[in-house]
Amino acid sequence: MLRATSVAAALAVSLSGCIFLPSLASWSSGPPAPPIPTASDPIPPTSEPPSIEPTPVDPTPTDPTPTEPPSPTQDPGALGEVRDGNPLESGSGVSTDTPYDLVIPPSSGNPEPGSVPLGNVSDAREFSESEGSFVTQTTGRLYMTWPGDRHGTCSGTVVNSDEGNIVLTAAHCLYSPIYREMAERVQFVPAEAGNGSHAPYGTWEGDRWIVPSIFADTAYEEDGSSYGEGWAYDYAWIRLHASSSGANVQEYTGGQGVNFTQQFDGAQFVGYPTNEPFDGSRQRVCSSTQLGFGDMHWPHLTMSCTISPGISGSGWVTAVDPDTGAGYVGAVFSTLVSDTVSGSMLGRNSYDLLQELLAM
């Protein structure tokens with residue numbers, strides 16, 4: 001895992017896209033449990049969150065021993081230009097994760113390089129399952145609890161893995177850059193709708209989660225501004241507990257592919273914005289056929305989108321199958337300012353971070 005290096009702290013007037021809520025007694029034991037399914041509903045793994053309490057992960061572990069990855073399953077060059085052909089510098093002067101020549105395919109579907117079937121969508125309109133059922137299934141809402149009975153919500157994506165229990169999200173969703181502490185409890189509700197009234201695949205309890213040490217050490221948020229080089233590495237991984245029957249979440253939802261190459265030809269993201277004018281009750285989408293880079297100070301991908309916090313952690317998917325929505329997540333929603341949003345790109349550090357989590 002990368003450690004902080006000596007780089008002057010830079011300031012950006014941008015907000016993380018995570019919503020932090022005050023103490024709510026009704027949420028003291030987590031989000032609402034999924035309803036008991038009817039005969040026409042998919043049978044969820046559990047009707048109540050497992051009783052096992054998660055074990056928080058130290059946000060600053062020692063450097064992992066790099067492992068040799070499998071050979072790429074697809075020519076990474078087919079996914080588009082590196083960083084969409086944009087300059088490698090940003091206003092922050094901070095470097096980003098190193099591109100890594102590895103692509104993990106989705107568990108099903110036929111991703112099409114260069115395909116962004118929704119075109120340009122910047123108003124965060126409601127996402128319909130008919131536009132990609134695979135997106136609906138693999139995208140979920142995260143509920144986090146911190147010491148002091150503080151609560152928050154974010155978005156996350158189930159990604160394809162042999163273990164079948166991995167969710168990708170943003171680092172600031174799990175480690176608060178405001179309070180400087182890791183979440184005590186994490187729950188994931190795939191395909192949630194109606195603020196918990198509809199949870200067709202159940203509620204899944206987090207087992208372990210991990211963020212880059214460089215984020216925990218150097219990323220800060222204060223008075224509406226984000227600063228510190230750690231924001232270049234705003235991604236995190238979650239391992240979920242199996243259900244009471246021993247099933248893993250991917251058996252119900254499938255898993256999106258993962259793109260560590262930092263090559264994109266447009267992208268889309270879907271998640272749960274919670275602040276007004278949105279209310280977190282439905283999945284919302286933004287999409288762009290041409291991404292920017294470094295336009296919001298940090299070395300992030302950017303696109304035009306008017307959205308609100310709660311969307312953080314949603315996966316930026318490229319090479320999207322127009323029939324199912326299956327594709328490759330290559331970045332994670334990080335910050336927003338007005339009508340521009342940014343995504344932190346995955347690379348070698350994020351891959352090594354995932355391997356460290358899997359080895360725990």
Response to the item:
Taking first residues from the stretch 166-189 that are free of Cβ contacts under 8 Å to residues at least 60 places away in the same chain and second residues anywhere that are open to solvent by 10 Å² or more (accessible area, probe 1.4 Å) and of a type outside the set (Lys, Arg), the pairs with Cβ under 7 Å that are 6 or more apart or on different chains are 181/147
Worksheet item: Just checking, how many residues over the stretch 146-160 are in contact with a Gly (Cβ under 7 Å, 6 or more places away or on another chain) and either of a type in the set (Ser, Thr, Tyr) or not in a strand (DSSP E or B) (or both)?
Response: 4
Worksheet item: Looking only at the stretch 124-147, which residues are open to solvent by less than 10 Å² (accessible area, probe 1.4 Å) and basic (Lys, Arg)?
Response: 141
Worksheet item: surrounded by fewer than 22 Cβ atoms within 10 Å (Cβ to Cβ), modelled with pLDDT under 95 and not in a strand (DSSP E or B) - does that describe any residue in the stretch 161-171?
Response: no
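Scan the stretch 106-126 and give yes if some residue there is within 21 Å of residue 238 (Cβ to Cβ) and either over 13 Å from the mean Cα position of the chain (by Cα) or assigned to a loop (DSSP other than H, G, I, E, B) (or both), otherwise no. Don't jump to the end; show me each part of the working.
Taking the stretch 106-126 first, the residues within 21 Å of residue 238 (Cβ to Cβ) are 106-107.
The next check asks that each one be either over 13 Å from the mean Cα position of the chain (by Cα) or assigned to a loop (DSSP other than H, G, I, E, B) (or both); those that pass are 106-107.
Yes, because at least one residue in the stretch 106-126 is within 21 Å of residue 238 (Cβ to Cβ) and either over 13 Å from the mean Cα position of the chain (by Cα) or assigned to a loop (DSSP other than H, G, I, E, B) (or both).
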Item to complete: Please go through the stretch 229-249 and pick out each residue that is within 19 Å of residue 313 (Cβ to Cβ) and crowded, with 24+ Cβ neighbours inside 10 Å.
Response: 230, 231, 232, 233, 234, 235, 236, 237, 238, 240, 249
Practice prompt. Residues being closer than 13 Å to residue 280 by Cβ, surrounded by 24 or more Cβ atoms within 10 Å (Cβ to Cβ) and not hydrophobic (A, V, I, L, M, F, W, C): count how many of those fall in the stretch 184-210.
Written response: 1
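The values are calculated or read from the model by the stated rules, or taken from the named source; none is laboratory data. All figures in this text were calculated on a predicted structure; none of them were measured in a lab. Please note: Cβ atoms are built from the backbone with ideal geometry, for glycine as well, and neighbour counts cover all protein chains shown. Only protein heavy atoms, including side chains, enter the accessible area calculation; ligands, DNA and RNA are left aside. Shrake-Rupley method; radii C 1.70, N 1.55, O 1.52, S 1.80 Å.
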